[in-house]
Amino acid sequence: MSISDNLEAVEVRIAEACRKAGRSRDEVKLIAVSKKKPAEAVCEAAAAGQILFGENRIQEAQAKISLCPNHLHWHLIGHLQSNKAKIAANLFRMIHSVDSEKLLRALDEYVATPLPVLVQVNVSGEGSKSGCAPEEAAALIEAANACSQVEVHGLMTIPPFTPDPEKARVHFAALRELRDRLQDETGTPLPELSMGMSHEFAIAIEEGATFVRVGSDIFGMR
Ligand SMILES: *Cc1c(COP(=O)(O)O)cnc(C)c1O
């Protein structure tokens, strides 16, 4: 299967999950995760119409983005250190992995135009070590509200891997419920939920995902 065929197959599964959940297809945005794949693979996906791409490492992204068409949009989905905030703020349209006030402040210092971010939350307390604890999210949202350029648009999570994708459902539901609670508590609109990867994006869509981050099902195994 070519990258173009894979994109089509992923699109069918997204549309099916939206239909099953009674959601409109345009509520869900597909991020093609091109980490560890060459610029040629990105160009192939771009030729098939994909515009939004995700990367998880700054240096790799910096090299790759310079080789790719200009009309593409890039989101950072991996952990970001504060000392790389300046580069990241200039490369990416959205940062999905904000998990500390230090990082928020560093980003805000370096951007001259509004920068949308998501607060990454470790909802399960296991698996990925990145992300703040659920109890810390409100403070981060308040800190983002005090920034001049950084704007928080929602939450992101990476659930622990389980062979059965259904097992991820509780974590996706937990992120949605946390979002609902934080919207009430902080009065900040949090429309975006970034959750679901190749293995379980259909479940994430059923639980309210607005961004799904799909790598291997589009570009092949890494
Ligand atoms: C690699 C990665 C993905 C994509 O994972 P696949 O299983 O290849 O779809 C999604 N989100 C994050 C944060 C990643 O690092």
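Conditions tested, residue by residue: (1) at pLDDT 95 or above; (2) farther than 18 Å from HIS153 by Cα; (3) surrounded by fewer than 22 Cβ atoms within 10 Å (Cβ to Cβ).
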{"position": "ALA63", "(1), (2), (3)": "yes, yes, yes"}
{"position": "ARG93", "(1), (2), (3)": "yes, no, yes"}
{"position": "HIS96", "(1), (2), (3)": "yes, no, no"}
{"position": "ARG105", "(1), (2), (3)": "yes, no, yes"}
{"position": "TYR110", "(1), (2), (3)": "no, yes, yes"}
{"position": "PRO114", "(1), (2), (3)": "yes, no, yes"}
{"position": "VAL121", "(1), (2), (3)": "yes, no, no"}
{"position": "GLY127", "(1), (2), (3)": "no, yes, yes"}
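Listed by position, the helices (runs of 4 or more DSSP H) enclosed by the stretch 153-222 that each have at least 2 residues that are basic (Lys, Arg) and closer than 24 Å to ILE141 by Cβ are 169-186. Every listed requirement among (1) within 16 Å of the ligand (Cβ to nearest atom); (2) in contact with a Lys or Arg (Cβ under 6 Å, 6 or more places away or on another chain); (3) not aromatic (Phe, Trp, Tyr) is met by ASP164 save one, (2). Beta carbons closer than 8 Å, at least 6 apart along the sequence or on distinct chains, pair a first residue in the stretch 73-87 that is of a type in the set (Lys, Arg) with a second that is modelled with pLDDT of 95 or more and within 16 Å of the ligand (Cβ to nearest atom) for LYS84/ILE58.
Within the stretch 190-210, can one find any residue that is farther than 15 Å from VAL28 by Cβ, of a type in the set (A, V, I, L, M) and more than 16 Å from the ligand (Cβ to nearest atom)? Yes, the stretch 190-210 contains at least one residue that is farther than 15 Å from VAL28 by Cβ, of a type in the set (A, V, I, L, M) and more than 16 Å from the ligand (Cβ to nearest atom).
Being in contact (Cβ under 8 Å) with a residue 40 or more places away in the chain, within 18 Å of the chain's Cα centre (by Cα), crowded, with 17+ Cβ neighbours inside 10 Å and under 25 Å from LYS86 (Cβ atoms): is that true of VAL28 here? Criteria not met by VAL28. For the stretch 117-148, the set of residues classified as in a loop (DSSP other than H, G, I, E, B) and under 16 Å from ALA174 (Cβ atoms) consists of ASN122, VAL123, SER124, GLY125, GLU126, GLY127, SER128, GLY131, ALA133, listed by residue number. Collect the residues in the stretch 1-49 that are assigned to a loop (DSSP other than H, G, I, E, B), more than 19 Å from MET195 (Cβ to Cβ) and away from the ligand (no atom under 14 Å from the Cβ), keeping them in residue-number order. Scanning the stretch 1-49 gives MET1, SER2, PRO38, ALA48, GLY49. For the stretch 50-71, filtering for residues that are of a type outside the set (Lys, Arg) and within 16 Å of the ligand (Cβ to nearest atom) leaves 10.
Please pick out the residue among ARG181, ARG222 that is out of contact with any strand residue (DSSP E or B) (no Cβ under 9 Å at 6 or more places or on another chain) and farther than 19 Å from SER124 by Cβ.
Exactly one residue qualifies, and that residue is ARG222.
The values are calculated or read from the model by the stated rules, or taken from the named source; none is laboratory data. This structure is a prediction, so every number in the text was calculated from the model and none was measured. Don't worry about glycine lacking a Cβ; one is built from the backbone with ideal geometry, like all the others, and counts go over all protein chains shown.
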